[in-house]
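The values are calculated or read from the model by the stated rules, or taken from the named source; none is laboratory data. Predicted model, so just to flag it, every value in this text is computed and none were measured. Using ideal geometry, Cβ is built from the backbone for each residue, glycine included, and neighbour counts are taken over all protein chains shown.
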Amino acid sequence: MNIIITGKKMEISDVLRKYVEKKVKKLSRYLPNASEARVELAVEGTKDAEHSQVAQITLRSKGAILRSEERSSDIFASVDAALDKIYRQIIRYKEKRYRRGRAPEKGLPLPEATDAEETPRIVRTKRFPVRPMDEGEAIEQMELLGHDFFIFFNTNTGQLNVLYRRRDGNYGLIEPELT
């Protein structure tokens with residue numbers, strides 16, 4: 001597995017790099033098809049110092065992309081919390097594969113599913129017209145609707161985009177790419 005560690009507004013010490021590499025390498029035991037793990041460590045200037053150290057982990061595997069982000073006052077604690085979240089996502093991913101009748105991947109054992117457990121399913125489909133607009137108009141539309149996200153056809157890129165509100169009050173834009 002290829003491990004890429006980057007720092008944002010912080011220098012990554014050798015101790016921190018070795019710690020992260022050691023912990024992230026263990027993920028390949030549970031998800032052997034993982035091809036890449038990206039770890040972004042950052043210090044954000046927030047009013048709340050308890051949430052200024054951010055660890056974001058993106059794990060790419062054949063057929064899945066798992067992502068976690070955790071914040072705390074200590075970067076090592078943030079890394080541990082983000083890894084715990086990734087482990088839970090791996091378990092959920094494997095359980096879904098198991099329940100759908102696919103052979104489970106080697107690694108983490110799966111608990112037996114009971115008849116009482118029900119696999120989540122699509123219970124509603126919603127259709128709506130998508131108008132061409134730019135990012136500014138999409139923000140206005142999202143605010144008018146009072147939603148946390150908005151799907152629109154971006155006139156600047158000629159593609160469908162998803163606009164969403166971030167926890168810090170700013171906006172994020174998702175530009176999907178076919179792979």
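Answer yes or no: is there a residue in segment 41-55 that is under 30 Å from residue 120 (Cα atoms) and touching a Ser or Thr at 6+ places or on another chain (Cβ under 7 Å).
The answer is yes, given that some residue of segment 41-55 is under 30 Å from residue 120 (Cα atoms) and touching a Ser or Thr at 6+ places or on another chain (Cβ under 7 Å).
Pick from 60, 124: which is at pLDDT below 90, more than 24 Å from residue 23 (Cβ to Cβ) and not assigned by TED's automatic domain parsing to the domain that holds residue 163?
Going through 60, 124 in turn, just one is at pLDDT below 90, more than 24 Å from residue 23 (Cβ to Cβ) and not assigned by TED's automatic domain parsing to the domain that holds residue 163: 124.
So the check is Cβ under 7 Å with 6+ separation or different chains; which pairs have a first residue in segment 117-142 that's part of a loop (DSSP other than H, G, I, E, B) and a second one that's modelled with pLDDT under 90?
119/99
Kindly establish whether residue 31 is touching a strand residue (DSSP E or B) at 6+ places or on another chain (Cβ under 9 Å), at pLDDT 90 or above and at negative phi.
no
Restricting attention to segment 13-39, report how many residues are free of Cβ contacts under 8 Å to residues at least 60 places away in the same chain and either in contact with a Lys or Arg (Cβ under 6 Å, 6 or more places away or on another chain) or buried (at least 16 other Cβ atoms within 10 Å of the Cβ) (or both).
Counting residues in segment 13-39 that are free of Cβ contacts under 8 Å to residues at least 60 places away in the same chain and either in contact with a Lys or Arg (Cβ under 6 Å, 6 or more places away or on another chain) or buried (at least 16 other Cβ atoms within 10 Å of the Cβ) (or both) gives 9.
Table: residues versus (1) more than 29 Å from residue 54 (Cα to Cα); (2) of a type in the set (A, V, I, L, M, F, W, C).
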residue	(1), (2)
137	yes, no
146	no, no
154	yes, no
159	yes, no
162	no, yes
176	no, no
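Of the residues that sit in segment 72-90 and are in contact (Cβ under 8 Å) with a residue 24 or more places away in the chain and either of a type in the set (Val, Ile, Thr) or not in a helix (DSSP H, G or I) (or both), which one is nearest to residue 32 (Cα to Cα)?
Top of the filtered list is 90.
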